[in-house]
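The values are calculated or read from the model by the stated rules, or taken from the named source; none is laboratory data. These numbers were taken from a predicted model, which means no experiment stands behind them. As a convention, Cβ positions derive from the backbone with ideal geometry for all residues, glycine included, and neighbour counts pool all protein chains shown.
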Amino acid sequence: MTHLKGQERARYVRQMFSQIAHRYDLMNRLMTARQDIRWRREVIERARLAPNATLLDLGTGTGDLAREALRRYPGLRVAAADFTLTMMRVGEQRHGKLPWVAADALHLPFPSHSFDAVVSGFLMRNVADISQALQEQYRVLKPAGRIVILDTTQPQRNLLWPFIWLHLHLVIPFLGGLIAGRRDAYTYLPDSTEKFLTAESLAEGMRQAGFVGVGFRRLMFGTIAIHWGKKHAA
């Protein structure tokens, strides 16, 4: 399904995440051996939030990043935004209320210069237009505001590649079928990982959107990356 474009891709992604919402968090823990918890902590660290800052958790899913931010900084003003309502409902049922917002990453319902930081976890490889998504995040950031992106990235071909391939194409779909009952959804995941931008290409896309101080760090044998940058100061 990675060949889908535009609204067709958006509909597929929304439907897919609606169907796996009740097992999404568990699958993340299994696929990453619980490393995703540590990665989200690093995302919040790199956002460099002041205690009373404004934060947008874009593509929030069940709200993991927003909750981590509020755990560290209870005085934050947070918007937890996603276009898959089922994911947010599951998050509220399991973990309690957050300031949930229904939002499309390509057309954010926020005024310009609204947030001190925008963070996302496993959002960007699913959007239909990466450039527009980055431009929207740039728009809603305040001057000198920070962006931090956690997502998959194209694995580098090295001695570990055969083991990475087995994990992506055999282990993950097997777990997806067993735990979530949706092997097809967890076939999409490795396919979208291999077809997503390289870490270097996403960093360049961030620069083209106007971000400065862009950097990234690869994780989990090069299949995950955290990117960061900031908006120009006024």
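You will find that of Ile147, Ile164, Ile172, the residue that is among the β-branched types (Val, Ile, Thr), assigned to a strand (DSSP E or B) and surrounded by 15 or more Cβ atoms within 10 Å (Cβ to Cβ) is Ile147 and no other.
Listed here are the residues, each with its yes/no results for (1) closer than 14 Å to Ala80 by Cβ; (2) in contact with a Gly (Cβ under 9 Å, 6 or more places away or on another chain); (3) at pLDDT below 80; (4) surrounded by fewer than 18 Cβ atoms within 10 Å (Cβ to Cβ).
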| residue | (1), (2), (3), (4) |
| --- | --- |
| Arg9 | no, no, yes, yes |
| Met16 | no, no, yes, no |
| Thr32 | no, no, no, yes |
| Ala47 | no, no, no, no |
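One residue stands out in segment 179-233 among those that are touching a Gly at 6+ places or on another chain (Cβ under 7 Å), of a type outside the set (Ser, Thr, Tyr) and assigned to a helix (DSSP H, G or I): the one that is surrounded by the most Cβ atoms within 10 Å (Cβ to Cβ), namely Met206.
Test Leu123 against the criterion of being within 18 Å of Glu200 (Cα to Cα) and among the hydrophobic types (A, V, I, L, M, F, W, C), and give yes or no. Yes: the conditions hold for Leu123. Just wondering, is there one or more residues in segment 81-91 that are at pLDDT 95 or above, crowded, with 20+ Cβ neighbours inside 10 Å, out of contact with any Gly (no Cβ under 9 Å at 6 or more places or on another chain) and not aromatic (Phe, Trp, Tyr)? Within segment 81-91, none of the residues are at pLDDT 95 or above, crowded, with 20+ Cβ neighbours inside 10 Å, out of contact with any Gly (no Cβ under 9 Å at 6 or more places or on another chain) and not aromatic (Phe, Trp, Tyr). Return yes when Thr32 is among the polar types (S, T, N, Q) and under 20 Å from Leu175 (Cβ atoms) and no when it is not. The answer is yes for Thr32. Do we have Val127 as within 25 Å of Met220 (Cα to Cα), surrounded by 20 or more Cβ atoms within 10 Å (Cβ to Cβ) and either out of contact with any strand residue (DSSP E or B) (no Cβ under 8 Å at 6 or more places or on another chain) or modelled with pLDDT under 95 (or both) here? Yes; evaluated as a whole, the condition is true for this residue.
For Gly121, the requirement of being surrounded by 16 or more Cβ atoms within 10 Å (Cβ to Cβ), within 12 Å of the chain's Cα centre (by Cα) and in contact (Cβ under 8 Å) with a residue 40 or more places away in the chain is met. Pairs linking a residue in segment 15-35 that is within 11 Å of Gly61 (Cβ to Cβ) to a residue that is of a type in the set (Lys, Arg), with Cβ atoms under 9 Å and 6 or more positions apart or on different chains, are Ile20/Arg182; Ala21/Arg89; Asp25/Arg94; Asn28/Arg34.
Among the conditions (1) exposed (fewer than 15 other Cβ atoms within 10 Å of the Cβ); (2) in a loop (DSSP other than H, G, I, E, B), Gln154 misses just one, which is (1).
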